[in-house]
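The values are calculated or read from the model by the stated rules, or taken from the named source; none is laboratory data. Just so it is clear, the model here is predicted, and its values are computed rather than measured. As a convention, Cβ positions derive from the backbone with ideal geometry for all residues, glycine included, and neighbour counts pool all protein chains shown.
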Amino acid sequence: MYGGIALAFDLNENYFDKLINDTTEGNVDTLSALRLNFYPKRDNSMPILIGEDAQSLRCETRCDNVILTILYQHQISDLQVQLDNPKQWINVDVVPYAFVVNTERCLERLTNGL
């Protein structure tokens, strides 16, 4: 996947290898991780930051410390993203059978702001 991202930025396909993998002296350590989260439908027994539809869990404003996030919205439309204006949030439309791919600050740093 990182090879495809590098090519999209007109970089060498192996650009990220040296940045996320430690292959010195035979090491196979990696900074890459995959985390799968599932947030089930909630009831109102614990009213914590509930979305407008009263079913979705809201997270506080934050920036993930990852290269990218792949998200399946499953017909929940409360996702918002922030573009260049730090005070403006835009809604992400739900597209059936599609994933939202959100690049994060870490990718911005690894590509020197490309």
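Quick notes
- Scoring LEU11 on the criteria (1) on the phi > 0 side of the Ramachandran plot; (2) surrounded by 10 or more Cβ atoms within 10 Å (Cβ to Cβ); (3) at pLDDT 80 or above leaves a single failure, condition (1).
- Cβ separations smaller than 9 Å between residues 6+ apart or across chains give the following pairs from segment 93-109 residues that are surrounded by fewer than 14 Cβ atoms within 10 Å (Cβ to Cβ) to residues that are part of a loop (DSSP other than H, G, I, E, B) and among the small types (Gly, Ala, Ser): ASP93/SER77.
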